[in-house]
Each structure stands twice: as C-alpha cells, then as structure tokens.
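In what follows, a structure is listed as structure tokens, so that the remarks can point back to it.
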Amino acid sequence: MKSRMLLALLLAVIMTPARICSQPKPDFSGTWKQSKERSTVRRTGNVTLQIEHRDPELTVETTMVRDFAGPGHANQHYTTDGKVSVSTGADGDEFHTSIVWSGQSLVFTIEEHEDGRILLSRETWTLIENGAALQRVREGAKGSPDSTTKQTLIYLRGAPQT
C-alpha cells in the first residue's frame, strides 16, 4: 500500500510541470475596443482592434476615429516566431516588429521609423480578466534616448462581428 502511495505521489510531482508547460497559448482573436477610463494614455476619439490570431499568424486591423480628424486605419500582419514584419501604422510611420511568446504573453520588439528617426519600444500583450480584456503595456523611448515612457492600454472584448 505504501509503495502505491509513493508511486502516485511521485507521478503527481513528475506530471505537474508537464501540465504547466503544456498549457495552451491564448488566442487574441476578436474585436477589442479601447477603454479610455482604464488606459494611462488619454486620447480623443475611439480605437478598435480587429484581431485574427492563428498562431503563429497574427493580423491586427486598427481603426482610430477621432473627433477632430478623419478615421485612421492600419492593417498589420505579424508572426509570433520572432521574424521581423514591416508595416505602416495608422499615422503613416513604418514599423519593424518582431514578436515572441513569453509564457502566456506576446512580447513585441518595435522599431518605429518616424521623420528620419528610429524609436525603439517594447510592448507586452496579455489577456486579463478571464479573456474579457486585453492589456498592452508599452515601454520605450519616445523622442530622445533618455525619455523613457510606460503606457498601459486596456481593450475590452466586443461582440463578435458577423
């Protein structure tokens, strides 16, 4: 009887790390609307993300509707395997982005080409609140090398588009 209990305990200890390691990666697919109230960046207008995620493929369609200007629109196509993707943002800047998994989060390394300057940043995407919200934490230099910024953007999952 003791040997069976010992064997069961040993199997439980061995299998626990395997279960943790084999946890499926989250799916970021959906329609996401930025929550201005919960984000540290305050913008006028509305930002919506339409995400299609079939790992390693990740497509993000961003729509910005501002009170003082016409809508901005961008489509970005990425892979989550660390390969660099080049895209144009809604503001017309060129972005060189690589994405890798870090646990249950996606980590973006971004090189923004803006008016002859290269701005480096890092962004981490994590699903929070049981997948009802997408948290994007941006860190990086905006403007000069010694001016580091950190922004948190929260997007709430919207109704699926039909």
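Remarks
- Residue match in region 76-85 (condition: in a strand (DSSP E or B), touching an Asp or Glu at 6+ places or on another chain (Cβ under 6 Å), of a type in the set (Phe, Trp, Tyr) and closer than 15 Å to GLU123 by Cβ): no
Residues are listed down the side, and each one gets a yes or a no for (1) modelled with pLDDT of 95 or more; (2) part of a strand (DSSP E or B); (3) of a type in the set (Asp, Glu):
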residue	(1), (2), (3)
MET5	no, no, no
ALA12	no, no, no
THR16	no, no, no
PRO24	no, no, no
ASP27	yes, no, yes
LYS33	yes, yes, no
THR44	no, no, no
VAL47	no, yes, no
ILE51	yes, yes, no
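- The lone exception for GLU123 - which of (1) open to solvent by 20 Å² or more (accessible area, probe 1.4 Å); (2) among the acidic types (Asp, Glu); (3) modelled with pLDDT of 90 or more it fails: (1)
- Close contacts from region 77-105, counting a first residue that is touching a residue at least 40 places away in the same chain (Cβ under 8 Å) and surrounded by fewer than 16 Cβ atoms within 10 Å (Cβ to Cβ) and a second that is in a loop (DSSP other than H, G, I, E, B) and of a type in the set (Ser, Thr, Tyr), with Cβ to Cβ under 9 Å and a gap of 6+ residues or different chains, come to TRP101/THR80.
- Being among the aromatic types (Phe, Trp, Tyr) and assigned to a loop (DSSP other than H, G, I, E, B) is not true of PHE95.
- If the condition is being open to solvent by 50 Å² or more (accessible area, probe 1.4 Å) and of a type in the set (D, E, K, R), then region 106-117 contributes GLU111, ASP115, ARG117.
The values are calculated or read from the model by the stated rules, or taken from the named source; none is laboratory data. Just so it is clear, the structure is predicted and the values come from calculations on it, not from any experiment. Note that we place each Cβ from the backbone using ideal geometry, even for glycine, and neighbour counts take in every protein chain shown. Areas reflect the complete protein model, heavy atoms only, side chains present, ligands, DNA and RNA absent. Shrake-Rupley method; radii C 1.70, N 1.55, O 1.52, S 1.80 Å.
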